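Since every read-out is calculated from the coordinates, none of them should be taken as a lab result. For clarity, every value in this text was computed on a predicted model and none was experimentally measured. Here Cβ is always computed from backbone atoms with ideal geometry, including for glycine, and neighbour counts include all displayed protein chains.
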Amino acid sequence: MKSICVYCGSSPGARPEYAAAAVALGETLAREQITLVYGGSNVGLMRDVADSALEAGGRVVGVMPHVLIEKEVAHRGLTELVEVASMHERKRVMAERADGFIALPGGIGTLEELAEIFVWTQIGIHQKPVALLNTADFYAPLLAFLDHMVAERFLRAEQRAGLIVESDISSLVARMRAYRPVKVDKWLDRR
């Protein structure tokens, strides 16, 4: 695993544990010589994960559309800042440059990125690990909802189990390295 894409909030969130987890993840990626790929921002948890990786000697690639660069939220101290035309292109480039994906706490943008990349595993667009760093049990409501989807037969249990969830960063990275894709038909009941 040479690179991991991290999705996370452009705000710091309500708890100091979120920023601490972002910092620890950035340091871990640098120590493990894993390139951080992220949205390229200089605010919130996005800044925390990037700055900590850089300070620990890591490589950090940011991907940001022109419109956000013009709003001066781009991190100017990155190893590489890739400028793209749109949010759609941003997500595509981030996915192409990553060997796996981790979602930290974040808002609706983080949720949207996580949902899309998780769906891509279901329909075979990629076979890379998708993971949640469940800091302070942030993702407990989402995990309960995914379990509800399984119970209501909208999501296969095997696919749900393919989402790696850990609150410990070392365990998360180890599980991502050991990941083997789940190969089942996406559709539960075809009519």
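A few notes on this one:
- Cα convex hull volume per residue for the chain (Å³): 111
- Pairs of Lys residues in the chain are counted when their Cα atoms are under 27 angstrom apart and they lie 8 or more places apart or on different chains; the count is 9.
- Residues ILE125, ILE4, ILE117 arranged by fewest to most Cβ contacts within 10 Å: ILE125, ILE117, ILE4
- In the chain, helical runs assigned H by DSSP with n ≥ 4 each contribute -39500 (n - 2.57); averaged across all residues and rounded to the nearest 500, the mean residue ellipticity at 222 nm is -13500 deg cm²/dmol.
- Dipole of the chain [Lys/Arg +1, Asp/Glu -1 at C-beta], most positive-end residue of ALA20, GLY39, HIS88: HIS88
- Annotation: amide H of ALA56 has no partner in the under-5 Å range at sequence separation 5 or more or interchain, hydrogens built in the peptide plane.
- Longest DSSP-loop-exposure-free segment, chymotrypsin sites (Phe, Trp or Tyr not before Pro), the chain, at most 12 other Cβ within 10 Å: 1-153
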